[in-house]
Amino acid sequence: MAKITKLDDIVSLCKRRGFIFQSSEIYGGLASCYDYGPLGVELKNNVKKAWWKAVVQMRDDVVGLDSSILMHPLIWKASGHADKFADLIAECKKCNTRTRVDHLKEKTNQSAEEHTEHIAINSAIAGAQDLSNKVCPNCGSVGTFTEPMPFKLMFETRMGANIDDSMTLYLRPETAQGIFANFANVLDSTRVKIPFGIAQIGKSFRNEVTTKAFIFRTREFEQAELEFFCEPGTDEKWYEHWKEARFNWYIDLGLNKQNLRFREHDTNELAHYAKSCVDIEYRFPFGSGDWQELEGVANRTDYDLRQHQRGMRTLNSWYENNGDLTKIELKEEADNYEKGPLSYFDNEKKKRYIPYVIEPSAGIDRSTLAFLVDAYDEEEVRGEKRNLLKFHPVLAPVKVAIFPLVKRDGMPDIAHNIANDLKKYFNCFYDEKGAVGRRYRRQDEAGTPFCITVDGQTLEDKTVTVRDRDSMDQIRISTDQLRNHLREKLDV
C-alpha cells in the first residue's frame with residue numbers, strides 16, 4: 001500500500017529547508033509564481049540533467065536545441081494557438097470569481113430523479129454549456145454563472161522602440177513550436193537521418209484561469225519536450241517505444257510504480273493535431289481523484305510541419321495586413337505539399353514525405369513535485385519523529401555532507417580537506433554547527449544520501465564514519481578510499 005503524504009507537509013518542508021519559496025513574498029507574494037531556493041534549484045537541475053541524459057546523451061538518434069522564447073507571431077497562427085488556445089470560463093454573479101468551465105463541479109445533494117430531470121431539460125439546449133447545477137468554488141453558490149466565454153491563454157508583449165513600429169508578440173505557451181520551426185535548420189546542419197528526435201528544455205507561459213496545488217499548475221513553468229520524427233507508417237511503433245521509455249524513466253529514478261499509471265485519451269478529448277495520446281499520471285496528494293497528468297506522449301502526425309509550410313506561404317499577407325493575425329488565413333497546401341521546404345527526402349528509399357512526430361512532453365516542475373512527494377517519509381527513531389527525503393542519489397540536491405565531530409584537535413581542517421576533494425566530483429555540504437545528531441536530521445530533511453563524520457579515530461587511523469541516510473547504518477572507510485566508495489554508491 002502506497003504511503004499517504006499531505007501536500008501541506010511538502011509545502012512546509014520546501015519552505016523550511018529552502019527548496020521552494022513563494023515569489024515576491026516580501027511584497028505579499030504573487031499568485032501561482034514560485035522561486036526555487038538553494039536546495040530546490042539543485043533538485044530541479046538534477047531532474048533536467050537526468051531527463052537530458054536519458055533522452056539525448058544516451059541516444060544516437062536525438063539532438064538538442066534551445067530555441068527563443070519570443071518567436072514570430074505567424075508561428076502561433078500556424079500552430080493553431082492564436083485561434084484555438086483558449087479556455088471557456090464563467091464568472092460567478094455573486095462573488096465575481098472566474099473559473100474554467102471544465103473545472104466546475106456538480107452539486108451533489110440532489111436526488112437521482114432530480115438529476116435525471118435536470119439532464120433531460122437541458123439536453124434540448126443544443127451545444128450550450130449547462131451551468132445551472134454547477135457550484136462556485138469560491139462562495140459555494142449554485143447556478144449563478146454568466147454564459148461561458150473564451151479566455152486566451154497566451155501572454156502578450158510588445159517588441160520595438162516606438163509605438164508606430166512595435167510588434168505584438170507572445171510568450172511561448174509551449175517549447176515544441178521552436179523545434180518545428182528549426183526542423184530544416186537541424187537537417188541542414190547535422191548528419192541526422194529519420195528516425196531522429198530534437199529535444200529541448202525551456203520556460204513556457206500560460207495565462208491559466210485556474211492555477212493549482214503549489215507548483216503543479218502555474219503560469220510560468222518549465223517543459224522538457226522531445227519531437228521524434230519518423231516515417232509515416234512507423235509512427236505507432238515509435239509511439240509505443242516512447243510510452244514505455246518515458247514511464248520507465250520515472251521508475252528508474254525512484255518513483256513508486258504503484259503511484260504511476262497510463263491513461264489513454266478518448267477520441268473526443270484528443271487535441272486537434274493528435275492521432276493518439278496517453279498521459280503518464282501520478283497519484284498526487286490533492287485533487288478530486290489524486291491521479292493527475294505528469295507527462296503526455298502524443299502522436300502529432302505531420303500536422304505541425306504541414307501547418308508551418310502553410311504559414312511560410314502566408315508571410316507576405318501578414319506584412320500586407322500590418323501584422324494583424326485576425327486578418328490572416330493560412331493558404332491551402334498545394335497537391336505537392338510533400339515536396340515543401342519542411343519535407344524530408346529519404347536517399348535510401350528515394351522518396352520524399354512530411355515526417356510524423358511522436359512527442360513526449362514533461363513538465364519539469366510537476367516532475368520535481370512528484371519526486372518530492374514520493375521521496376517524503378516520516379518515521380519514529382528512538383521516540384523522535386524523523387522527516388526525510390529518500391531521493392534517488394542522481395536527484396539528491398546534496399550528495400554528501402561532511403562534519404567534524406567537534407571544532408578542535410584539527411578535525412575541522414581534515415573535514416574541510418575532504419570536502420574540497422569531493423566537491424570536484426559532486427555537490428557537497430560542510431557543517432560544523434550543533435550536535436552531530438541534529439546535523440544528521442537536517443541532512444535527512446534535505447535528502448542527502450551520505451554523511452561523513454571526522455572524529456577522534458580519524459586522527460589515529462585516517463578512517464571516517466560514513467552514514468547512510470535511509471538505513472542510518474554507519475561504516476568506517478579509509479580517507480584514501482572514500483572518493484571511490486562514494487562514486488560507486490552514487491553512480492557518478
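The values are calculated or read from the model by the stated rules, or taken from the named source; none is laboratory data. Note that the structure is predicted; figures quoted are calculated from it, not measured. We place every Cβ from the backbone using ideal geometry, glycine too, and count neighbours over all the protein chains shown.
Do the conditions hold for Arg487, that is, is it in a helix (DSSP H, G or I), modelled with pLDDT under 95, under 33 Å from the mean Cα position of the chain (by Cα) and of a type in the set (Lys, Arg)? In short, yes. For the range 7-32, a tally of residues being surrounded by fewer than 18 Cβ atoms within 10 Å (Cβ to Cβ) and touching a strand residue (DSSP E or B) at 6+ places or on another chain (Cβ under 6 Å) returns 3. Out of the residues in the range 445-461 that are under 33 Å from the mean Cα position of the chain (by Cα) and assigned to a strand (DSSP E or B), state the one that is surrounded by the fewest Cβ atoms within 10 Å (Cβ to Cβ). Within the range 445-461, the match that is surrounded by the fewest Cβ atoms within 10 Å (Cβ to Cβ) is Phe450. Considering the range 341-421, the qualifying strands (runs of 3 or more DSSP E), each wholly inside and each with 1 or more residues that are crowded, with 19+ Cβ neighbours inside 10 Å and small (Gly, Ala, Ser), run over 356-363, 400-404.
When the residues of the range 126-154 are filtered to those that are touching a residue at least 60 places away in the same chain (Cβ under 8 Å) and part of a loop (DSSP other than H, G, I, E, B), the one that is nearest to Cys95 (Cα to Cα) is Pro148. Per this entry, Glu338 is counted among residues that are in a helix (DSSP H, G or I), in contact with a strand residue (DSSP E or B) (Cβ under 9 Å, 6 or more places away or on another chain) and at pLDDT below 95. Put simply, of Gln457, Gln443 the only residue that is out of contact with any helix residue (DSSP H, G or I) (no Cβ under 7 Å at 6 or more places or on another chain), over 23 Å from Asp377 (Cβ atoms) and touching a residue at least 12 places away in the same chain (Cβ under 8 Å) is Gln457. Considering (1) charged (D, E, K, R); (2) buried (at least 17 other Cβ atoms within 10 Å of the Cβ); (3) part of a helix (DSSP H, G or I), the lone condition that Asp83 does not fulfil carries the number (2). The residue of the range 326-337 that is farthest from Glu156 (Cα to Cα), among those that are surrounded by 16 or more Cβ atoms within 10 Å (Cβ to Cβ) and not hydroxyl-bearing (Ser, Thr, Tyr), is Leu330.
Checking every residue in the range 245-261 against the condition of being over 24 Å from Trp52 (Cα atoms) and touching a strand residue (DSSP E or B) at 6+ places or on another chain (Cβ under 9 Å) gives at least one match. Being in a loop (DSSP other than H, G, I, E, B) and basic (Lys, Arg) is the filter here, so list the residues in the range 287-331 that pass it. Result: Lys331, single match.
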